[in-house]
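This report refers to the structure that appears directly beneath it.
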Amino acid sequence: MSDDVHAAMVEIYCKELKMPGLRKAYAALAREAGVHSHSPLQYLAACLAEEIESRKTSRLQAYTQQARFPVHKTLQEFDFSAIPTLPKQRIVHLAGGDFIRAKENVICMGASGMGKTHIAIAIGLAAISAGYRVRFITVMQLVQELLQAESEYRLPRYLRMWDKYDLVCLDEFGYVSL
């Protein structure tokens, strides 16, 4: 069989096996393997590594989209010098996600403009990078969604939907009268 037939078969197999990363990279990796005289096992390992990286990237994109962050904020972008009373090491430690594994709650309190939303988003993004599923929502929006789900008789299903998240970031908690 010709190389064109083999390439077409690889395309079909990658599509059938749902391996888009491999599908995009196998030809370039094959050329590289030929140039550097890699063994078949080295080539296969490189192909599988490419697929794993592609899946990780896709998962991060999907989890970030599902989180519904209003903006993209990281701890590296946060100006800790503007709020010297804010314990930087504690915030950085929270971004490590130990509290998620321990199933603990964290409440960030402070005056408006102190960076609570920025920090919540940054911790949420760090959690996504660690493989956790995150959802960001304002308390007002959550209340509205709960009331709507209740009025449409789908509250139990709506509440079950929240079980898939490892971390829920509730923003603007102090703005809503409980």
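The values are calculated or read from the model by the stated rules, or taken from the named source; none is laboratory data. Everything numeric in this text was worked out from a predicted model, so none of it was measured. Backbone-built Cβ (ideal geometry, glycine too); neighbour counts: all protein chains shown. All accessible areas refer to the heavy atoms of the entire protein, side chains included, with ligands and DNA or RNA removed. Shrake-Rupley method; radii C 1.70, N 1.55, O 1.52, S 1.80 Å.
Points worth noting:
- Which listed residue is under 30 Å from Asp163 (Cα atoms) and assigned to a helix (DSSP H, G or I), from Ile107, Ile91, Ile12: Ile91
- Test: residue in the range 131-141 that is aliphatic (A, V, I, L, M), crowded, with 16+ Cβ neighbours inside 10 Å and at pLDDT 95 or above: yes
- Selection count where residues are in contact with a helix residue (DSSP H, G or I) (Cβ under 7 Å, 6 or more places away or on another chain) and either open to solvent by less than 60 Å² (accessible area, probe 1.4 Å) or without any contact (Cβ under 8 Å) to a residue 12 or more places away in the chain (or both), scope the range 81-103: 7
- Verdict on Ser112 being within 15 Å of Asp171 (Cβ to Cβ), over 23 Å from the mean Cα position of the chain (by Cα) and without any contact (Cβ under 8 Å) to a residue 40 or more places away in the chain: yes
- Selection count, the range 59-80, where residues are open to solvent by 60 Å² or more (accessible area, probe 1.4 Å) and more than 15 Å from Val134 (Cβ to Cβ): 3
- Of all residues in the range 28-60, those satisfying the criterion of being in contact (Cβ under 8 Å) with a residue 12 or more places away in the chain and over 29 Å from the mean Cα position of the chain (by Cα) are Ala30, Glu32, Ala33, Tyr43.
- Only one of Gln141, Gln76 that is among the polar types (S, T, N, Q), farther than 18 Å from Val168 by Cα and assigned to a helix (DSSP H, G or I): Gln76
- Residues located in the range 142-167, provided they are in contact with a helix residue (DSSP H, G or I) (Cβ under 7 Å, 6 or more places away or on another chain), buried (at least 16 other Cβ atoms within 10 Å of the Cβ) and in contact (Cβ under 8 Å) with a residue 12 or more places away in the chain: Asp166, Leu167
- The residue pairs whose first member lies in the range 61-80 and is under 20 Å from Gly115 (Cβ atoms), whose second member is open to solvent by 70 Å² or more (accessible area, probe 1.4 Å), and whose beta carbons are closer than 8 Å, counting only pairs six or more residues apart or on different chains, are Phe80/Lys88.
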